[in-house]
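Encoded as structure tokens, the structure appears first; notes follow it.
The values are calculated or read from the model by the stated rules, or taken from the named source; none is laboratory data. Keep in mind it's a predicted model, so treat the numbers as computed, not measured. A quick note on method: Cβ atoms are made from the backbone with ideal geometry, for glycine too, and the neighbour counts reach across all protein chains shown. Only protein heavy atoms, including side chains, enter the accessible area calculation; ligands, DNA and RNA are left aside. Shrake-Rupley method; radii C 1.70, N 1.55, O 1.52, S 1.80 Å.
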Amino acid sequence: MEVVNTITVMQEKCENLRLSGKRIAFVPTMGFFHEGHLELMRVGREISDIVVVSIFVNPTQFGPHEDFESYPRDMESDLAKAEGRNVDLVFAPSVNEMYPNGYQTKIMVEKVTKHLCGLSRPGHFDGVTTVVAKLFNIAKPHIAIFGEKDHQQLTVIRRMVKDLDMDIRIVGVPTFREPDGLAMSSRNSYLNADERASALSLNKSLDLSEDLCHQGEREVLKIRGAIEAFILRHPHTAVDYITICDPHTLEDLEILKKEALVALAVKVGKTRLIDNRVIKPA
Ligand code: AMP
């Protein structure tokens, strides 16, 4: 496994791989790997010749009062884990390499960014699309792999790729969970034992929404209310949003008729966690 820190070297290596006929799968990450990240690498290995992973905590997708500085980082352990998954190439640039003096370009997807996390984290998705577009130009992948845990991110990236005619296949991978159902996240490392117990309410509330839907409940307000009450019964929780929306447009629904996305962002202590599930009336 090779580790590259500069854009020019990375572009040259990836260009040569493409010219030699290899298919490149790319997994963009912010590092501090857990099994969810490793699952994306495993899928990449399965569907391509070369797996490229980037590790970059991207400052432009964090708000001014968010956790950019304290975001967990462990390059040494990440490289060992990536090597364990037979990753071929890791791109780990500095902030200055990605955004040198004079940098001034942004990519913005208009509508699907105006819901869910886009409301509570203004500018977040502009940071995501911009860095992902840059990383695509650097790693030159045929395929890029993202987690469904960040459903909105996946939706936004698919939109960008379609709108800008990027010749890249986007693959979504189901959320990898701890045995007790907690969605794996680098931010889970912030949780103490009590908060960790309360964090289970996210996935359990998704179970609840699915049960209600299967029992015939069709009113979004009622399902939403039940989820909120359930989560708030757990200590240290504060709801950022609970939204039941169209999985593609992310527009709010009032009545369940077909597939719907139940998406949550909940603060547990100081840690903001997200989770989601697509539910479907029988
Ligand atoms: P991050 O390092 O948090 O930016 O995540 C990098 C990629 O891993 C994104 O595509 C995430 O959606 C994906 N990811 C994060 N957590 C999980 C998980 N629990 N299961 C599957 N994919 C995940």
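Please list, ordered by residue number, the helices (runs of 4 or more DSSP H) wholly in the range 1-113 having 2 or more residues that are out of contact with any Ser or Thr (no Cβ under 7 Å at 6 or more places or on another chain), free of Cβ contacts under 8 Å to residues at least 24 places away in the same chain and more than 14 Å from the ligand (Cβ to nearest atom). Break it down into steps so the answer makes sense when it comes.
Details: elements: 7-19, 35-47, 75-84, 95-98.
Qualifying helices (runs of 4 or more DSSP H): 7-19, 75-84.
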### Query
Counting just the residues of the range 165-184 that are crowded, with 17+ Cβ neighbours inside 10 Å and among the small types (Gly, Ala, Ser), which one comes out nearest to the ligand (Cβ to nearest atom)?
Ala183
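Do we find a residue being aromatic (Phe, Trp, Tyr) and not in a loop (DSSP other than H, G, I, E, B) anywhere in the range 141-148?
yes
Can you tell me which residue is most open to solvent (accessible area, probe 1.4 Å) among those in the range 105-145 that are among the polar types (S, T, N, Q) and farther than 29 Å from Arg45 by Cβ?
Narrowing the range 105-145 to residues among the polar types (S, T, N, Q): 105, 113, 120, 129-130, 137.
This time we only want the ones that are farther than 29 Å from Arg45 by Cβ, so: 105, 113, 120.
On the way: Thr105: 87, Thr113: 11, Ser120: 44 Å².
Among them, the one singled out is Thr105.
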### Task
Of all residues in the range 138-163, count the ones that are out of contact with any helix residue (DSSP H, G or I) (no Cβ under 7 Å at 6 or more places or on another chain) and without any contact (Cβ under 8 Å) to a residue 40 or more places away in the chain.
3
### Query
Considering only residues of the range 146-161 that are under 10 Å from Cys117 (Cβ atoms) and within 9 Å of the ligand (Cβ to nearest atom), which is surrounded by the most Cβ atoms within 10 Å (Cβ to Cβ)?
His151
### Message
Considering only the range 189-204, I want to know if a residue exists there that is open to solvent by less than 60 Å² (accessible area, probe 1.4 Å), outside any helix (DSSP H, G or I) and without any contact (Cβ under 8 Å) to a residue 60 or more places away in the chain.
### Response
no
### Arg218 being more than 16 Å from the ligand (Cβ to nearest atom), among the basic types (Lys, Arg) and without any contact (Cβ under 8 Å) to a residue 60 or more places away in the chain
no
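Specify which of the listed residues (Asp211, Asp240) is modelled with pLDDT of 95 or more, in contact with a Ser or Thr (Cβ under 6 Å, 6 or more places away or on another chain), among the charged types (D, E, K, R) and open to solvent by 40 Å² or more (accessible area, probe 1.4 Å). Outline the logic, then answer.
Values: Asp211 fails: in contact with a Ser or Thr (Cβ under 6 Å, 6 or more places away or on another chain).
Criteria check complete, one pass: Asp240.
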